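J.: Supplied in structure tokens, the structure appears directly below.
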Amino acid sequence: MRDKDALRVAVLGCGSVGSQVVRLLTEQADDLGMRAGARLELAGVAVRRLDAPREVDVPAELLTTDAMGLVTRDDVDLVVEVIGGIEPARSLILAALENGASVVTANKALLAEDGASLFEAADKAGRDLYYEAAVAGAIPIIRPLRESLAGDTVTRVLGIVNGTTNFILDKMDSSGAGFAESLSEAQELGYAEADPTADVEGFDAAAKAAILASLAFHTRVTAADVHREGISDVTAADVRSAADMGAVVKLLAICELRETDEGPAVSARVHPAMIPRSHPLASVREAYNAVFVESEAAGRLMFYGPGAGGAPTASAVLGDLVTVARNLRAGTRGAGESAYAAHPVLPMGETLTRYHVAIDVQDRAGVLALVATTFAEHGVSIQTVRQEGRGADAQLVVVSHRATDAQLAATVAHLEEMDIVREVTSVMRVEGESE
Ligand code: HSE
């Protein structure tokens with residue numbers, strides 16, 4: 001029999017996350033009801049194929065292929081969207097909000113591309129749009145940025161927000177293997193997809209960086225604003241070079257707030273970088289995620305845990321579901337979008353970075369001076385230089401101080417043209433402690 005006080009939940013998608021959401025909703029119905037202040041009843045589950053094998057038994061009468069019909073039903077109060085992708089997810093979320101439902105989504109790509117439309121629709125409807133599961137799976141990071149740190153000024157967010165690439169880079173670091181071999185192993189173990197592009201080329205991390213930067217800096221940042229480089233060009237030599245200087249290579253999502261001559265501005269980027277092994281993010285191994293937050297009053301905070309997987313991601317979805325159910329019962333809603341600061345987003349060339357550059361050079365008098373002069377000509381200050389013999393040649397490893405990315409890129413292009421330079425063998429940005 002239907003409980004007339006229950007809140008009715010429609011789940012869109014029954015893949016690895018959706019099936020765990022349905023399982024936990026069913027198995028923990030009593031506890032979830034007590035926490036939410038109303039029983040959460042499954043109203044329906046929208047799927048692509050009714051007869052597809054799935055990890056959870058869903059009563060046949062609850063399954064439907066008509067997702068739009070489900071979200072526009074009068075008896076649906078809460079909608080969980082775990083289909084992913086832009087369409088039909090966007091139309092379904094907009095229709096659900098317009099129909100008066102609150103929405104919980106894990107859809108990072110959609111939020112990063114067109115979060116503005118979704119937040120505006122939620123405002124107009126007076127309903128909640130929650131998305132803790134969209135970034136770093138089970139790790140609570142959306143709520144801390146949106147609520148716990150709402151009284152502070154966040155200056156920097158450094159995240160390992162893609163488990164697949166962290167697994168691959170960790171493998172390269174621990175075994176000395178190259179990228180292709182480590183990717184194959186990640187695929188065999190089920191960490192990487194058959195088409196790994198979204199992960200290894202940084203698209204997944206860039207969407208998450210856009211979401212984190214928007215929240216951290218109260219500014220709309222979209223995926224198109226995020227500078228993106230993946231890890232497919234990271235070589236075993238890069239990883240060895242990092243190890244030689246006590247560092248490790250990680251794919252980082254980096255969001256920063258910086259004072260410029262024109263006032264505060266933000267930047268968001270995803271690229272591989274060397275970080276010192278003493279940095280807390282260096283200890284994040286295998287497919288784990290972590291987000292390191294720096295803020296003016298709180299200082300440094302780190303959030304760590306499983307960033308993907310059905311049950312961990314479902315944990316974040318259910319946390320949101322309980323919260324939006326409580327809000328609905330209380331006739332209120334949680335914090336909506338905060339984009340009042342509207343800071344300009346800096347292009348990559350104006351972002352301040354540090355470079356590690358390894359160069360094979362002729363080993364003769366004046367070569368080091370010529371290399372140092374090239375850095376100086378581009379206004380880049382050198383922090384350290386290391387030289388190793390290479391037969392009749394030498395390898396120079398230069399680590400710069402911070403300069404604009406444009407100055408550093410110009411320095412590398414200049415070095416590549418110099419007669420005394422045999423080859424620039426490794427170029428990678430350096431993040432972490434020093435300036
Ligand atoms: N594919 C992602 C990862 C998880 O490897 O972390 C979903 O965002």
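The values are calculated or read from the model by the stated rules, or taken from the named source; none is laboratory data. Worth saying up front: this structure is predicted, and the values here are computed from it rather than measured. For neighbour counting, all protein chains shown are included, and Cβ atoms are generated from backbone atoms with ideal geometry for every residue, glycine included.
J.: Has the range 275-283 got at least one residue that is in a strand (DSSP E or B), over 17 Å from A138 (Cα atoms) and either away from the ligand (no atom under 16 Å from the Cβ) or in contact with a His (Cβ under 9 Å, 6 or more places away or on another chain) (or both)? Let's see the steps before the verdict.
T.: The initial filter retains those residues of the range 275-283 that are in a strand (DSSP E or B), namely 275-276.
In the following step, the residues that additionally are over 17 Å from A138 (Cα atoms) were identified as 275-276.
Okay, now just the ones that are also either away from the ligand (no atom under 16 Å from the Cβ) or in contact with a His (Cβ under 9 Å, 6 or more places away or on another chain) (or both), so 275-276.
Taking every residue of the range 275-283 in turn, at least one turns out to be in a strand (DSSP E or B), over 17 Å from A138 (Cα atoms) and either away from the ligand (no atom under 16 Å from the Cβ) or in contact with a His (Cβ under 9 Å, 6 or more places away or on another chain) (or both).
J.: I've got another one for you. Does V317 count as part of a helix (DSSP H, G or I), touching a strand residue (DSSP E or B) at 6+ places or on another chain (Cβ under 7 Å) and within 15 Å of the ligand (Cβ to nearest atom)?
T.: Numbers: part of a helix (DSSP H, G or I): yes; touching a strand residue (DSSP E or B) at 6+ places or on another chain (Cβ under 7 Å): yes; within 15 Å of the ligand (Cβ to nearest atom): yes.
Yes, satisfied.
J.: From the list L183, L189, exactly one residue is closer than 25 Å to V427 by Cβ and either acidic (D, E) or within 16 Å of the ligand (Cβ to nearest atom) (or both). Which is it? Break it down stepwise before answering.
T.: Working: L189 fails: closer than 25 Å to V427 by Cβ.
Exactly one residue qualifies, and that residue is L183.
J.: Which numbered condition trips up E286, out of (1) more than 16 Å from the ligand (Cβ to nearest atom); (2) over 19 Å from I141 (Cα atoms); (3) within 19 Å of the chain's Cα centre (by Cα)?
T.: All conditions pass for E286, except number (1).
J.: From S295, S278, grab the single residue that is among the polar types (S, T, N, Q), surrounded by fewer than 19 Cβ atoms within 10 Å (Cβ to Cβ) and not assigned by TED's automatic domain parsing to the domain that holds Q20.
T.: On the way: S295 fails: surrounded by fewer than 19 Cβ atoms within 10 Å (Cβ to Cβ).
The unique qualifying residue is S278.
J.: Within the group T353, T384, which residue is touching a helix residue (DSSP H, G or I) at 6+ places or on another chain (Cβ under 9 Å) and either assigned to a strand (DSSP E or B) or buried (at least 18 other Cβ atoms within 10 Å of the Cβ) (or both)?
T.: On the way: T384 fails: touching a helix residue (DSSP H, G or I) at 6+ places or on another chain (Cβ under 9 Å).
Among T353, T384, only T353 is touching a helix residue (DSSP H, G or I) at 6+ places or on another chain (Cβ under 9 Å) and either assigned to a strand (DSSP E or B) or buried (at least 18 other Cβ atoms within 10 Å of the Cβ) (or both).
J.: Give me the helices (runs of 4 or more DSSP H) completely within the range 1-82, filtered to those with at least 1 residues that are in contact with a Ser or Thr (Cβ under 6 Å, 6 or more places away or on another chain), ordered by residue number. Walk me through it before giving the result.
T.: On the way: elements: 16-27, 29-36, 67-71.
Correct list: 16-27, 67-71.
J.: What number of residues within the range 256-274 satisfy the criterion of being within 15 Å of R429 (Cα to Cα) and away from the ligand (no atom under 16 Å from the Cβ)? I'd like the intermediate steps shown before the answer.
T.: Of the residues in the range 256-274, the ones within 15 Å of R429 (Cα to Cα) are 268-274.
Narrowing further to those that are away from the ligand (no atom under 16 Å from the Cβ): 268-269, 271, 273-274.
Selection size over the range 256-274: 5.
J.: So S338 passes all but one of these: (1) modelled with pLDDT of 95 or more; (2) assigned to a strand (DSSP E or B). Which condition number does it fail?
T.: (2)
J.: Continuing with this model, one more query. Among the residues of the range 239-262, how many are part of a strand (DSSP E or B) and in contact (Cβ under 8 Å) with a residue 24 or more places away in the chain? Reasoning before the result, please.
T.: Pass one, the range 239-262, residues part of a strand (DSSP E or B): 247-260.
Now drop any that are not in contact (Cβ under 8 Å) with a residue 24 or more places away in the chain, which leaves 247-258, 260.
Residues in the range 239-262 being part of a strand (DSSP E or B) and in contact (Cβ under 8 Å) with a residue 24 or more places away in the chain: 13 in total.
J.: Quick test for you: out of R35, R90, R23, pick the one residue that is over 26 Å from V161 (Cβ atoms) and of a type in the set (K, R). Quick ask: steps written out before the conclusion?
T.: On the way: R90 fails: over 26 Å from V161 (Cβ atoms); R23 fails: over 26 Å from V161 (Cβ atoms).
The unique qualifying residue is R35.
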